[in-house]
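The values are calculated or read from the model by the stated rules, or taken from the named source; none is laboratory data. The model shown is predicted, which means the values in this text are computed figures rather than measured ones. All Cβ positions, glycine included, derive from the backbone under ideal geometry; neighbour counts span all protein chains shown. Surface areas here come from the heavy atoms of the whole protein model, side chains and all, with no ligands, DNA or RNA. Shrake-Rupley method; radii C 1.70, N 1.55, O 1.52, S 1.80 Å.
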Amino acid sequence: MATLSVNIDHVATVRQARRALEPDPVHAAVLCELAGAHGVTCHLREDRRHINDRDFELLMQTVKSKVNLEMACTKEMVGIALKFKPPQVTLVPEKRAELTTEGGLNVAAIVSEITDSVKAMRDAGIVVSMFIDPDEKQIEASAKIKADYIEIHTGVYASSSGKALAVELDKIRKAAAYAKSLGLGVNAGHGLNYLNTAAVAAIEGMEELNIGHSIISRAVFVGLDTAVRDMLRLIHG
Ligand code: PXP
């Protein structure tokens, strides 16, 4: 059965809109765990636009389940990962001008560039996951650099409807099966909400869903505890 890791970046985004002290993503992480989330995800960006170093360090000290650190594979970020050793790192592409992560990481194009960093993090006991599109070439490249997991980018699926939705879901299903056959674990995320998550959670071999925007959006109206529990109920059918 798939687990849920709640991405709390959006809590920090609200805080940073005022450069204030609240809402605190660390408080959010505690509430997510109390509601039954299996982990907490945060993206420490180069420009620290939402989650900052203080948040990440406190999350490492307070989260009892699992911190999944999303990051670009830069020298600075790999250094932070090796210093704090989060249980899991998910490597993502990062562009300064983007509103959110756009598309998966082109692992195939940077195999030689990132192999040593992936090895260093794995040697330090960190589970390394690659955020990629449901694409065979990217899955093969992720296996080649000996990543532990892939996180399938569900953004295109999430923005599709009708027949295209079924086509995109099938791509995710096939990508998950292919990754498993190459020995990779399979996670998924991006754009998942209360309408489109159940179908992804039901895919054979799906291990973890990383969901942020829809949960924090719902939390504004119903509270974080209810929002997390509602999502867990959907994931677990
Ligand atoms: N997975 C990755 C790699 C992401 O970059 C994001 C967005 O930060 C998510 C999952 C969560 O996406 P959303 O906020 O749309 O649920």
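So the values come out like this:
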item: Convex hull volume per residue for the chain, taking Cα atoms only, in Å³; result: 117 Å³
item: Two-site label geometry, Tyr194 and Met60: point separation in nm, points 7 Å out along Cα→Cβ; result: 3.6 nm
item: Probe 1.4 Å, accessible area per residue of segment 130-237, Å²; result: 46 Å²
item: Partners for Lys66 among lysines (Cα-Cα distance below 23 Å; same-chain residues under 8 apart left out); result: Lys83, Lys85, Lys119, Lys146, Lys180
item: The chain - percent of accessible surface contributed by carbon and sulfur, probe 1.4 Å; result: 56 percent
item: Convex hull per residue volume in Å³, alpha carbons only, for segment 13-121; result: 114 Å³
item: Karplus (6.51, -1.76, 1.60) ³J(HN,Hα), θ = phi - 60°, over segment 62-74, in Hz, Gly and Pro reported as x; result: 10, 6, 8, 7, 7, 9, 10, 8, 7, 7, 7, 8, 9
item: Part-to-part distance (alpha-carbon centres) for segment 70-119 and segment 3-51, which is given in Å; result: 19 Å
item: Model label zone, Val222; criterion: amide N under 16 Å from point 7 Å along Cα-to-beta-carbon; scope segment 17-55; result: 32, 35-37
item: J(HN,Hα) series, segment 15-26, from Karplus relation 6.51 cos²θ - 1.76 cosθ + 1.60, nearest Hz, glycine and proline x; result: 4, 5, 4, 10, 6, 9, 9, 9, x, 9, x, 5
item: Solvent-accessible area per residue for segment 18-109 (1.4 angstrom probe, square angstrom); result: 49 Å²
item: Backbone HN-Hα couplings from phi across segment 78-88 [Karplus 6.51/-1.76/1.60, Hz, Gly and Pro as x]; result: 5, x, 5, 4, 5, 6, 9, 6, x, x, 9
item: Cut-off under 5 Å, modelled amide H: who pairs with Asn7 long-range; result: Thr41, Ile211, Gly212
item: Peptides ranked, highest mean first, by Cβ atoms within 10 Å: ranges 22-33, 142-153; result: 142-153, 22-33
item: Where labels lie 7 Å past Cα in the beta-carbon direction, separation of Val167 and Glu46 in nm; result: 3.4 nm
item: Helical mean residue ellipticity (222 nm; -39500 (n - 2.57) per DSSP H run of 4+; nearest 500) of the chain; result: -14000 deg cm²/dmol
item: Cα-Cα P(r), segment 21-70, percent of pairs per 10 Å interval; result: 27, 59, 14, 0
item: For the chain: relative contact order, % (alpha-carbon pairs under 8 angstrom, 6 or more apart); result: 21 percent
